[in-house]
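Enquirer: Handing you this structure, nothing more for now.
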Amino acid sequence: MTNPILVTGGTGRLGRALVPQLLSDGHTVRVLSRRPPSDEQTWGGDLLTGEGLEEAVDGVGVIVHCATGNGRADIDGTRNLIQMAVRAGRPHLVYVSIVGVGRVDMAYYRAKLACEQLVERSGLPWTIQRTTQFHELIVWMCKSQWWLPAIVMPSGVSFQPVDAGEVAARLAMLAGAPPAGRVPDMGGPEVRPAADLARAYARARSSRRRPVVSVPMQGAGIRGYREGGHLTPEHADGRITFEQFLAA
């Protein structure tokens, strides 16, 4: 019997898609959760305090690190996880990152890049998979503006949204394979202007059929977006389009 796979962030958007995929592939799975364990699969642990991590990583062969928050918390949590993994026998660490972390000047991207560097210097066998934004991010950008008469999107910016389930399938494959270092990026099937994606959302989900307005926005992060630093058109590996995601 192979050693278990530990999934951090197993109750999040990506983790909820990944855990069933790993189970269907025949793996034994542990899901790290800050909440009290509700079943044999859930292991209590906190990445920030380190509480419960030693027990959670003990005996695992692979860790798929999907947990993410914002900024400093990601870095501290990843450092704590690595320290416990090194003590536990050097399992294969699979880390999920974002396309463009070295090209887009945003705090969240800088934190993800710092986490990548921790993984690379950890002494653990490792794999890093960068992906573009999930379809859900575009939905959130539109849905969070429900109180406005129009949906406002940054002008000159495109996105390449990818399906979380397809990313989960890629991660499950990587978890079952030898460590591969930095693997090719994974992006969605289409690079499309932000306003175009918002119009698709309005057609599918908005009963008011609100107009979409493109507005020039400032800042280093937006500049990186306008330059396409977060895109990977040469790795349009996803197959599920934004409209197909909305329809499902």
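Enquirer: For a quick check, take a GNM of the chain with Cα springs below 10 Å and name the residue from Ile98, Ile82, Ile151 with the largest mean-square fluctuation.
Expert: Taking springs between Cα atoms under 10 Å, the residue moving most is Ile151.
Enquirer: Which loop GluC sites (Glu not before Pro) in the range 1-79, with loop taken from DSSP, have no more than 15 other Cβ atoms within 10 angstrom of their Cβ?
Expert: On the way: sites: Glu40, Glu51, Glu54, Glu55; in loops: Glu40, Glu51.
Qualifying residues, ordered by number: Glu40, Glu51.
Enquirer: What is the distance in Å between the Cα centres of the range 135-196 and the range 73-132?
Expert: After rounding, the separation between the Cα centres reads 19 Å.
Enquirer: If you place +1 on the Cβ of every Lys and Arg and -1 on the Cβ of every Asp and Glu, how big does the dipole about the Cα centre of the range 5-247 come out, in debye to the nearest 20? Before the final figure, lay out the partial values.
Expert: Working: 27 positive and 23 negative charges, 184 e Å.
Rounded to the nearest 20 debye, it is 880 debye.
Enquirer: For every helix of n ≥ 4 consecutive DSSP H residues, a contribution of -39,500 (n - 2.57) applies; sum these over the chain, divide by its total residues, and give [θ] at 222 nm rounded to the nearest 500 deg cm²/dmol. Let's see the in-between values first.
Expert: Numbers: 9 runs with 93 residues, N = 248.
Value at 222 nm, helices only: -11000 deg cm²/dmol.
Enquirer: Additional query: In terms of the Cα gyration tensor, with a ≥ b ≥ c the square roots of its eigenvalues, is the range 163-230 rounded because a/c is under 1.5, prolate because a/b exceeds b/c, or oblate?
Expert: It is oblate, given that a/c is not under 1.5 and a/b is not larger than b/c.
Enquirer: Report Rg (one decimal) and Dmax (nearest whole number) for the range 5-247, counting Cα atoms only, units Å.
Expert: When restricted to the Cα atoms of the range 5-247, Rg and Dmax are 18.6, 56 Å.
Enquirer: Using amide H atoms built in the peptide plane, which far-off residues or other-chain residues are under 5 Å from Phe134 H to H?
Expert: It is Val162, by chain and number.
Enquirer: So, one more: Give the relative contact order (percent, whole number) for the chain; include only Cα pairs under 8 Å separated by 6+ residues. Before the final figure, lay out each step's value.
Expert: Details: 504 pairs, mean separation 47.1, N = 248.
About 19 percent, as a whole number.
Enquirer: In a Gaussian network model over the chain where Cα atoms closer than 10 Å are linked, find which of Arg79, Arg90, Arg205 has the largest mean-square fluctuation.
Expert: Residue with maximal mean-square fluctuation among Arg79, Arg90, Arg205: Arg205.
Every number in this text was worked out from the coordinates using simple rules, so none of it is lab data. Being a predicted model, the structure only gives us computed values, none of them experimental. FYI the Cβ positions are ideal-geometry reconstructions off the backbone, even for glycines, and counts take in every protein chain you see.
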